[in-house]
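Asks: Input: one structure, supplied below.
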Amino acid sequence: MQNPDDIRAVVAALRDNDRFVVTSHEAPDGDALGSMLATGLALRQLEKDAVMFLGGPAPLPGEYRFLELAQNGLLRERPSDFGERVLVAVDCASADRVGAEPGLVDAAPFTVNIDHHHDNPRFGDVNLIVDDASSTGEVLADVFRELDVRLTPEIAEALYIALVTDTGRFQYANTTPKALRLAADLVDAGADVHRVFQGVYENVQFAKLKLLARALDRAQVLEGGEIVVSYLLRDDFEAVGATEPYSEGIIDFLRSAEGALVSALIREPPRDGAPARKVSLRSSVDEIDVSAIARKSQGGGHRAAAGFSSDLSVEELTEFIVREVAAQVGSAAGR
């Protein structure tokens, strides 16, 4: 539930300051990019000096090219006057993932943290964490209303992307009546549903399809079909000509397997450096909280969607996932 004091504090911070840097998490998805763009555009509408920033070496997911983030001023290097700007972190479940650049929160003079992950540790100076919201885009829509931001077609479409992607095209359990009413309002304000659908879901790079084929070919059905695990090696990315963001969304194909309660994709980022592997987790039942599994490896997320990084081998990670899922299933059966 939204805390009235929290939204008042966030609204005041956005209203009373003049210079901002808006960012989201590493390996950004639709909610991250849509929320970041919407916030940047909203602050500029309020005549604030707002820049958007996402660091790290990885390119952005190709399916969001139509957002024209670079043309809208997205920086890939930290602005030189960063220390003079309020940091606005949207859709970031932990300080470590903010801006895809370590130490960003510590270096900021003041941080506004807006999110919907239930395990967000409230790392900001002011925090608005609405864990029953469908998406961070939904939380921002309430903030914008309090700030009297006009929903232009550009802002509405950015929020719609956040909403439609984090609800799985309005099919996941987080699709609430409020989310559906907001979607209608955003379409009324000018969000182009067909353009978003084509851009996100019907514009898949061929290399991503080949990467998906490798993941599906390696998928293992474990524990009588209750767990589906697959993996991608660094060489796979090079062989098919794919970059790291191309693995985004592959986990959802594994999740759709008949009888699967939990699905996992283990992948080796196609670049040097730590961590050696990243793990995406999905749960199809309320009884299994994959964010609890992720937190045991310093990760996090939602009950139904979470992730973590590790230097363990694929085999060790598979054993860890099976063991932790079995523990939760056993605990649920014993209640």
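The values are calculated or read from the model by the stated rules, or taken from the named source; none is laboratory data. Bear in mind that the values here come from a model prediction, so they are computed numbers and not experimental data. Neighbour counts are summed over all protein chains in view; Cβ atoms, including those assigned to glycine, are modelled from backbone coordinates with ideal geometry. Ligands, DNA and RNA are excluded from the accessible area calculation, which covers all protein heavy atoms including side chains. Shrake-Rupley method; radii C 1.70, N 1.55, O 1.52, S 1.80 Å.
Asks: For the chain, what does -39500 (n - 2.57) per DSSP helix run (n ≥ 4), summed and divided by total residues, give at 222 nm, in deg cm²/dmol to the nearest 500?
Replies: Details: 12 runs with 132 residues, N = 335.
That calculation yields -12000 deg cm²/dmol at 222 nm.
Asks: Within the stretch 289-308, list the residues whose amide N lies under 19 Å from a label point set 7 Å along Cα→Cβ of Asp252.
Replies: Residues 290-291, 301-308 fall inside that zone.
Asks: Starting from the 7 Å offset along Cα-to-Cβ, what nm value, one decimal, do you get for the label separation of Glu316 and Asp272?
Replies: Reported label-point gap for Glu316 and Asp272 is 2.3 nm.
Asks: Same structure again: For the chain, what does the accessible surface come to per residue with a 1.4 Å probe? Please give it in Å².
Replies: Working: 14770 Å² over 335 residues.
That works out to 44 Å² per residue.
Asks: Now for a separate question. I want to make sure I understand the PRE zone here: with the label point 7 angstrom from the Cα of Arg145 toward its beta carbon, which residues in the stretch 116-133 have backbone N atoms less than 18 Å away?
Replies: Counting only backbone N, you get 116, 128-133.
Asks: Of Asp115, Asp286, Asp96, which has the largest mean-square fluctuation in a 10 Å C-alpha GNM of the chain?
Replies: Asp286
Asks: Whenever you get a sec, compute what percent of the accessible area on the chain sits on carbon and sulfur atoms (1.4 Å probe). Intermediate values should be presented prior to the final figure.
Replies: Details: 7170 of 14770 Å².
Accessible surface attributable to carbon and sulfur in the chain totals 49 percent.
Asks: What is the calculated FRET efficiency for Ala107 to Gln298, with r their C-beta to C-beta distance and R₀ = 25 Å, to the nearest 0.05? Don't jump to the answer; show the numbers that get you there.
Replies: Numbers: r = 21 Å, r/R0 = 0.84.
Between Ala107 and Gln298 the formula returns 0.75.
Asks: Taking R0 as 41 Å, what FRET efficiency do you get between Thr176 and Ser80 from their Cβ-Cβ distance, rounded to the nearest 0.05? Let's see the in-between values first.
Replies: Numbers: r = 42 Å, r/R0 = 1.03.
The pair Thr176/Ser80 has a calculated efficiency of 0.45.
Asks: Residue separation times 0.36 nm, minus the C-alpha to C-alpha distance between Glu223 and Phe197: what's the value? The partial results should precede the final answer.
Replies: Values: separation 26, 0.36 × 26 = 9.36 nm, distance 3.56 nm.
Between Glu223 and Phe197, full extension yields 5.8 nm more.
Asks: Which residues in the stretch 16-33 have a backbone N closer than 17 Å to a point placed 7 Å from the Cα of Glu47 along the Cα-to-Cβ line?
Replies: The answer is 16-20, whose backbone nitrogens lie closer than 17 Å to the label point.
Asks: Output the relative contact order of the stretch 36-96, whole-number percent, from Cα pairs under 8 angstrom with separation of 6+ residues.
Replies: Values: 32 pairs, mean separation 20.7, N = 61.
So the answer I get is 34 percent.
Asks: Using the basic label-point model (7 angstrom from Cα toward the beta carbon), what is the Phe206 to Ala70 distance in nanometres?
Replies: 2.2
Asks: Antiparallel versus total DSSP beta bridges in the chain: what percent is that, nearest 5? Please list the in-between numbers first.
Replies: Numbers: 18 of 42 bridges.
If I count the DSSP bridges inside the chain, around 45 percent turn out antiparallel.
Asks: Which one, Ala108, Leu281, Leu233, is farthest towards the positive end of the dipole of the chain when Lys and Arg carry +1 and Asp and Glu -1 on their Cβ?
Replies: The one lying farthest along the dipole's positive direction is Leu233.
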